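Participant: Quick one: the structure is below, questions incoming.
Read-outs throughout are calculated quantities, based only on the coordinates presented, and are distinct from any laboratory measurement. Predicted, not measured: the structure shown is a model, and the values here were computed from it. With ideal geometry, Cβ positions are generated from the backbone for all residues, glycine too; neighbour counts draw on all protein chains shown.
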Amino acid sequence: MARKAPRARRRRGNMSAMMEGRGVARKRGVAQEASSLHPNAGKITGVICGLRIEDIEHPLMRKIRSMSKLVGELAKGRPRHPARLDRQDGQGGFMIRTGRLCAPLIATAACGPATPPAAPYTPRVRAVTVTTVPLLVKEAQGLYPFLRPAFAKGGVLEGKEVYAFSPSTITVVEGDTLQLTLINPEDDTHSFVLPDFAVALPGGTKTQATYIAKHAGIFPILCSIPSHLPMMSGQLVVLSASSMAGAATR
Ligand SMILES: [Cu+2]
């Protein structure tokens, strides 16, 4: 024969069962509230994903599109007009209730398929050959007669000669290693200068150099010979690694 528990223990047992029951009821209440839409939710109108909400006949799809519209408006920083539901229920509860209900629904109601996160960019080695090229130089005066007055005192190229880097623009991505082959085929001396990098290019030489593009930005490439400036210049364009996430590169 089972012995009866003392009265105090029985009372505690009844009390905890009652409290547990209240907890379940409270959870049910929250769940019930979370699964309900505000009565004014049907007043949401407008176009979402190319569909006019008030023209959608299927009740569930209309609710889903309504929530998408509301979230879209909020994302743009607009007030909750035209629904104004938080003011009318007096509890600011609309977003809480619909937020719980509609989070999974809104995910399915997005315009178009979900886009997977882009793969991060992997830095790579890029080999580039740059050649110094004479354009309007004194040796060319026989070929271009206009160069004589241009180089003469008071001429537009007095004290200057025009050379170029070919190519003059180099594009890499942040973190890339640039393997440079710098060719100077003529007898004049040049140089290849970045803000944090410089290579002398004596006449008739081919020079190998390595540069790591640590920072994104646009950086000037110059020749340091004063008579070649400002014409002999170029740009190193370093794209940010984040902007290249998921992009195809070679
Ligand atoms: Cu030069």
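Participant: Can you name the residue in the stretch 215-228 that is over 17 Å from VAL128 (Cβ atoms), surrounded by fewer than 17 Cβ atoms within 10 Å (Cβ to Cβ) and in contact (Cβ under 8 Å) with a residue 12 or more places away in the chain and is also nearest to the ligand (Cβ to nearest atom) among such residues?
Facilitator: Once the filter is applied, the top-ranked residue is ILE225.
Participant: Restrict the check to the stretch 137-158 and report whether at least one residue is of a type in the set (A, V, I, L, M, F, W, C), under 24 Å from LEU236 (Cα atoms) and within 14 Å of the ligand (Cβ to nearest atom).
Facilitator: No, there is no match, as no residue in the stretch 137-158 is of a type in the set (A, V, I, L, M, F, W, C), under 24 Å from LEU236 (Cα atoms) and within 14 Å of the ligand (Cβ to nearest atom).
Participant: Turning to a different aspect of this structure: Taking the stretch 164-204 on its own, how many of its residues are surrounded by 14 or more Cβ atoms within 10 Å (Cβ to Cβ), within 14 Å of the ligand (Cβ to nearest atom) and within 16 Å of VAL133 (Cβ to Cβ)?
Facilitator: Summing the residues that are surrounded by 14 or more Cβ atoms within 10 Å (Cβ to Cβ), within 14 Å of the ligand (Cβ to nearest atom) and within 16 Å of VAL133 (Cβ to Cβ) in the stretch 164-204 gives 12.
Participant: Which pairs turn up if I take residues in the stretch 118-134 that are more than 30 Å from HIS228 (Cβ to Cβ) and look for partners that are outside any strand (DSSP E or B) and among the acidic types (Asp, Glu) with beta carbon separation below 9 Å, at least 6 apart in sequence or on another chain?
Facilitator: These pairs meet every condition: TYR121/GLU174; PRO123/GLU174; PRO123/ASP176; ARG124/ASP176.
Participant: Still on this structure, please answer the following. Scan the stretch 229-245 for residues that are away from the ligand (no atom under 13 Å from the Cβ) and assigned to a strand (DSSP E or B) and jot them down.
Facilitator: GLN235, LEU236, VAL237, VAL238, LEU239
Participant: Testing MET244 on (1) exposed (fewer than 13 other Cβ atoms within 10 Å of the Cβ); (2) in contact (Cβ under 8 Å) with a residue 24 or more places away in the chain, one condition comes back false. Which one is that?
Facilitator: The number of the failed condition is (1).
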